[in-house]
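The values are calculated or read from the model by the stated rules, or taken from the named source; none is laboratory data. Bear in mind the structure is a predicted one, so any value in this text is a computation, not a measurement. For neighbour counting, all protein chains shown are included, and Cβ atoms are generated from backbone atoms with ideal geometry for every residue, glycine included. The area values use the complete protein model at the heavy-atom level, side chains included, leaving out ligands, DNA and RNA. Shrake-Rupley method; radii C 1.70, N 1.55, O 1.52, S 1.80 Å.
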Amino acid sequence: MVLSVSCTSNDSADLVILNGKVLTVDKDNPLAEAVAIKGEEIIAVGSTKKIKAYINGNITKTIDAKGRLVLPGFNDAHVHFRPLDPDYVELRYVNDPGIITQRVKVQVDKSKPGELVKGGHWDHELFSIREWPSKELLDVVSPRNPVILSRVDGHSVLVNSYVLNASGITENTPDPFGGEIQKDPVTKKPTGILKETAMDLIKTGAVETVRTAKEIEEKTWQGYLLALKEARELGVTSVQVPGSADFEMYEKLQNDGLLTCRIDIGKSLTGDTSLLAEYIKLSEKYPRTGNWIRFGYLKSFIDGSMGSGTALMFEPYNDNPESSGLAMMTYEEFENMVVTADKYGLQIGVHAIGDKGNNWTLNAFEKAIELNGRRDSRHRNEHSQTVQQSDFPRFAQLGVIPSMQPTHCISDKNFYEKRVGFERCKGAYAWRSLIDAGSILAFGTDYQVEPLNPMEGLYAAVTRKARGGEEGDGWFPEQKLTMEEAIYFYTVGSAYAQFMDDRKGMIRKGYLADIVIVDKDLLTIPENQIMSTRVDFTIVGGRIVYSSEE
Ligand SMILES: [Zn+2]
């Protein structure tokens with residue numbers, strides 16, 4: 001009998017990462033050089049020398065990190081993850097306007113004459129010339145199709161001459177109230193940029209596309225694949241969806257080996273006990289003990305948004321003294337739903353923006369403890385956006401998780417103070433106050449309200465400055481985090497919020513092998529390089545799902 005010399009012991013790895021700067025986010029072993037992975041799990045973390053012992057020449061794949069930063073995969077705790085439109089012309093992070101022309105051409109070539117070409121997320125502040133784009137970029141490739149490309153903030157669009165003509169917009173069209181038809185200073189002709197209410201003038205003149213059920217199904221499928229592709233390219237290895245999504249589609253993707261991101265899906269909060277019983281069944285089918293497709297939490301809204309002045313505040317708005325926002329329901333109705341759902345043992349997450357909305361949310365969770373008893377419920381306050389000082393300690397006392405999105409801070413800070421005044425801004429996006437009061441934050445993006453890219457969130461958390469950079473220390477700088485903290489809340493914090501901190505969010509023996517390698521050292525680079533940091537490898541459950549080198 002011949003014994004095989006090839007290693008068959010448990011000590012051989014399927015994949016090793018060597019020569020890295022491994023930020024494990026594990027306080028027992030914060031820094032390492034290398035990681036060994038077998039199956040879905042991490043089996044060892046340590047020096048390159050130590051991990052080399054796990055290499056079995058025949059079966060072990062090796063990634064040489066070449067000194068790059070290795071992190072746990074990003075876990076987006078609040079993301080409206082859904083299929084993308086495969087026909088949408090994606091222009092985020094484009095820095096050369098010529099690329100707009102190229103990408104529009106690709107889509108026009110796929111379209112029938114008269115069919116609408118839609119796209120957006122361009123930002124002329126990122127162009128090397130920093131000038132507004134104009135219709136000429138589009139006209140050369142789209143003489144027979146309407147093209148509408150919205151700016152990254154959604155407050156203006158670029159259209160081609162086809163759309164201007166169909167809308168009857170000429171050099172003689174006056175600006176509508178609250179809007180602007182941008183005109184060339186020399187020729188006085190419309191440039192193709194329409195701002196704010198001027199966008200309402202658009203009549204596309206588009207020919208409706210008729211699609212068969214089969215075509216729609218195929219397009220939706222492609223949309224799921226695109227969404228997953230975006231997530232893995234950005235190093236997002238887990239997503240938690242507020243509210244519902246299609247469990248069966250994700251199961252189908254998983255069965256086909258195409259699911260490259262773990263996903264928690266919830267339902268809407270209700271006090272209807274027959275519905276709650278159905279949710280219990282669903283949570284048994286997609287249990288918390290699972291690692292891929294899981295039943296998440298029940299989502300509710302207590303108020304609106306700060307941008308539209310509908311966040312529920314104790315005191316009136318500074319810029320609209322007639323209003324202090326809107327509650328989505330009476331407190332009694334809300335409390336009843338929370339208490340009833342809590343009795344079923346389900347997790348609840350409430351969208352709360354205003355200080356009163358946050359206060360009500362905490363009050364209802366407190367009532368649930370009072371009536372149903374205390375358990376490890378990990379109820380969540382989604383956004384926790386404006387909190388009155390006396391409520392900060394209540395989060396930790398009640399075991400309520402502040403689930404927050406750092407980019408909202410840098411997107412909204414310009415109007416926040418005008419709307420609620422300096423004093424109330426002290427409690428806005430108040431990460432440090434919440435941590436000091438004992439909370440573990442869960443970080444996410446609220447994509448597609450904000451981009452999915454975790455680097456934007458990390459940048460926002462450590463700077464509290466505009467994306468393009470700005471002088472000074474940032475907005476209410478006492479609330480800023482360190483990079484290590486921001487990464488912690490984006491990994492361990494988010495895992496905690498979904499009851500997975502015992503097996504996900506750290507690079508640690510026995511944990512799920514969800515790992516990213518990035519191209520810059522986030523811990524040492526200047527802040528103006530954080531946003532341009534890119535992911536080089538994404539590993540989910542031990543499988544390399546994305547590599548920039550391929
Ligand atoms: Zn949201």
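Just to check your reading of the model, which residue among 144, 103 is open to solvent by 30 Å² or more (accessible area, probe 1.4 Å) and outside any helix (DSSP H, G or I)?
Going through 144, 103 in turn, the sole match is 144.
So how many residues does region 400-427 have that are closer than 21 Å to residue 314 by Cα and touching an Asp or Glu at 6+ places or on another chain (Cβ under 8 Å)?
The number of residues fulfilling the criteria is 5.
In the set 411, 377, 390, 403, which member is in contact with a Pro (Cβ under 9 Å, 6 or more places away or on another chain) and either open to solvent by less than 20 Å² (accessible area, probe 1.4 Å) or not hydrophobic (A, V, I, L, M, F, W, C) (or both)? Full working, then the answer.
Working: 411 fails: in contact with a Pro (Cβ under 9 Å, 6 or more places away or on another chain); 377 fails: in contact with a Pro (Cβ under 9 Å, 6 or more places away or on another chain); 390 fails: in contact with a Pro (Cβ under 9 Å, 6 or more places away or on another chain).
Within the list 411, 377, 390, 403, the selection yields 403.
I'm trying to understand the selection: among the residues of region 219-262, which are within 16 Å of the ligand (Cβ to nearest atom) and under 22 Å from residue 341 (Cα atoms)?
Those that are within 16 Å of the ligand (Cβ to nearest atom) and under 22 Å from residue 341 (Cα atoms): 240, 241, 242, 243, 244, 245.
If you go through region 479-498 one residue at a time, do you hit one that is within 23 Å of residue 348 (Cα to Cα) and not in a helix (DSSP H, G or I)?
Yes, that holds for at least one residue.
Could you check residue 417 against (1) modelled with pLDDT of 95 or more; (2) over 14 Å from the mean Cα position of the chain (by Cα) and say which number it fails?
Of everything listed in (1) modelled with pLDDT of 95 or more; (2) over 14 Å from the mean Cα position of the chain (by Cα), residue 417 misses just condition (1).
Which residue is surrounded by the most Cβ atoms within 10 Å (Cβ to Cβ), if the candidates are limited to region 54-86 and must be over 21 Å from the mean Cα position of the chain (by Cα) and in contact (Cβ under 8 Å) with a residue 60 or more places away in the chain?
Here the residue is 63.
Mind listing whichever residues of region 311-363 are open to solvent by 40 Å² or more (accessible area, probe 1.4 Å), among the hydrophobic types (A, V, I, L, M, F, W, C), free of Cβ contacts under 8 Å to residues at least 60 places away in the same chain and within 19 Å of residue 390 (Cβ to Cβ)?
If the condition is that a residue be open to solvent by 40 Å² or more (accessible area, probe 1.4 Å), among the hydrophobic types (A, V, I, L, M, F, W, C), free of Cβ contacts under 8 Å to residues at least 60 places away in the same chain and within 19 Å of residue 390 (Cβ to Cβ), then 360 is the only one that fits.
For residue 439, indicate whether it is more than 16 Å from the ligand (Cβ to nearest atom) and touching a strand residue (DSSP E or B) at 6+ places or on another chain (Cβ under 8 Å).
Yes; evaluated as a whole, the condition is true for this residue.
Going through region 226-252 one residue at a time, which ones are over 16 Å from the mean Cα position of the chain (by Cα) and either free of Cβ contacts under 8 Å to residues at least 24 places away in the same chain or open to solvent by less than 50 Å² (accessible area, probe 1.4 Å) (or both)?
Once the filter is applied, which keeps residues that are over 16 Å from the mean Cα position of the chain (by Cα) and either free of Cβ contacts under 8 Å to residues at least 24 places away in the same chain or open to solvent by less than 50 Å² (accessible area, probe 1.4 Å) (or both), region 226-252 yields 246, 247, 248, 249, 250, 252.
Which condition does residue 180 not pass, out of (1) charged (D, E, K, R); (2) part of a helix (DSSP H, G or I); (3) surrounded by 12 or more Cβ atoms within 10 Å (Cβ to Cβ), if it passes all the others?
Among (1) charged (D, E, K, R); (2) part of a helix (DSSP H, G or I); (3) surrounded by 12 or more Cβ atoms within 10 Å (Cβ to Cβ), the lone unmet condition for residue 180 is (2).
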